[in-house]
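*Asks:* Starting off with a structure, shown below.
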Amino acid sequence: MTADRSARALSSLRGLTVGDALGSQFFVPANYPSLKRRELPPAPWQWTDDTEMACSVVAVLFEYGRVDQDALARSFAVHHDFDRGYGPAVNRMLRLIREGGDWRELAAGLFQGQGSWGNGAAMRIAPLGAWYADDPEQATHQAEISAYTTHQHREAVAGAMAVAAAASLAAAPEPPSPADLLDSVVELVPRSAVQAGLRRARDMLDYGDASTVAAVLGCGRRTSAHDTVPFALWSAARSLDSFETAFWTTAQVGGDVDTTCAIVGGVVAAGERGAPPIEWLERTEPLPDWLRTVEN
Ligand SMILES: [Mg+2]
């Protein structure tokens, strides 16, 4: 049972990492034309903060079998690499935690005491949903707990809950239809702008043009959870059986591409039919050594 959970969480993590690493290639102007033509840019593809934080989520699940907030905050701080593209507020906070600061105070104090509504809690959490395959209530609950270690604004928490619920549902033996998936996620998240965006995403499932949908829902340009998660889950819900389709559809609209693609990659790869192509995995920077040590 635990082996199953670990394998599913790792599958989702690999999808998240490929989405993050390949998505981030499209911030490089020289690679814009290959995005239009759906051609792979030159390897290696380096992953960013999305993957680094997701590795901590997985490491804590391996060690504790659930989210332990202190252990998670410690792992984020200890493994924090300044050069992986974190936002300035999180960079500073993780440094202070590493120096002995209390994550409870630091996370609560961000943005004049409102907490961050960025994507950090959502972008890292799909593997937790895969760990709780087919138990979206528990996935949602654990995601909520995990979010508070860094992102305490209601929107950031709701975003994390939504992504974990979607990954849990995608990892079920019988994955739901796109409409059923989004309906279930809407029911599992609290009232919020994220939830309102998810309802809109549900109403736009039959739109063929992702750019139109992204123009309505947002695609991370404001780097807030409500501007990112609804579109990412719209895209993931429609392509649970094809990582490639899910990736290109998500990347082509632009925005915060490493984050939207990390979310989509993690959710889609949580399911049995959503693994990334081998060639894509081979071009992606390997997971960090410290996670492999935890695994063994
Ligand atoms: Mg990133």
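*Asks:* Any residue at all in the stretch 202-225 that is within 16 Å of the ligand (Cβ to nearest atom), part of a helix (DSSP H, G or I) and not aromatic (Phe, Trp, Tyr)? Break it down stepwise before answering.
*Replies:* Here is the first cut: in the stretch 202-225, the residues within 16 Å of the ligand (Cβ to nearest atom) are 219-225.
Subset that is part of a helix (DSSP H, G or I): 225.
From what is left, the residues that are not aromatic (Phe, Trp, Tyr) are 225.
Yes, that holds for at least one residue.
*Asks:* Could you pull out the residue among 49, 81, 4 that is surrounded by fewer than 14 Cβ atoms within 10 Å (Cβ to Cβ) and at pLDDT 95 or above?
*Replies:* Details: 49 fails: surrounded by fewer than 14 Cβ atoms within 10 Å (Cβ to Cβ); 4 fails: at pLDDT 95 or above.
81 is the lone residue from the list that is surrounded by fewer than 14 Cβ atoms within 10 Å (Cβ to Cβ) and at pLDDT 95 or above.
*Asks:* So, in the stretch 55-75, of the ones that are more than 15 Å from residue 144 (Cα to Cα) and in contact with a Pro (Cβ under 8 Å, 6 or more places away or on another chain), which residue ends up nearest to the ligand (Cβ to nearest atom)?
*Replies:* Among those that are more than 15 Å from residue 144 (Cα to Cα) and in contact with a Pro (Cβ under 8 Å, 6 or more places away or on another chain), it is 55.
*Asks:* Restricting the search to the stretch 100-121, which residues are within 14 Å of the ligand (Cβ to nearest atom) and either assigned to a loop (DSSP other than H, G, I, E, B) or of a type in the set (Lys, Arg) (or both)? Quick ask: steps written out before the conclusion?
*Replies:* Restricting attention to the stretch 100-121, the residues satisfying the condition of being within 14 Å of the ligand (Cβ to nearest atom) are 118-121.
Result: 118, 119.
*Asks:* Of (1) surrounded by 15 or more Cβ atoms within 10 Å (Cβ to Cβ); (2) over 18 Å from the mean Cα position of the chain (by Cα); (3) away from the ligand (no atom under 16 Å from the Cβ), residue 89 satisfies all except one. Which?
*Replies:* (3)
*Asks:* Looking at the stretch 177-198, I want the residues that are closer than 11 Å to residue 155 by Cα and at pLDDT 95 or above and have a partner that is of a type in the set (A, V, I, L, M) and not in a helix (DSSP H, G or I) with Cβ atoms under 6 Å, at least 6 apart or on another chain. Which pairs are those?
*Replies:* Going by the 6 Å Cβ cut-off, the qualifying pairs are 195/189.
*Asks:* Can you tell me which of 281, 240 is among the aliphatic types (A, V, I, L, M) and assigned to a helix (DSSP H, G or I)? Lay out the reasoning, then the answer.
*Replies:* Details: 240 fails: assigned to a helix (DSSP H, G or I).
Matching residue, one of 281, 240: 281.
The values are calculated or read from the model by the stated rules, or taken from the named source; none is laboratory data. This is a predicted model, so every value here is computed, not measured. Because the Cβ atoms are built from the backbone with ideal geometry, glycine has one as well, and the counts that use them run over all protein chains shown.
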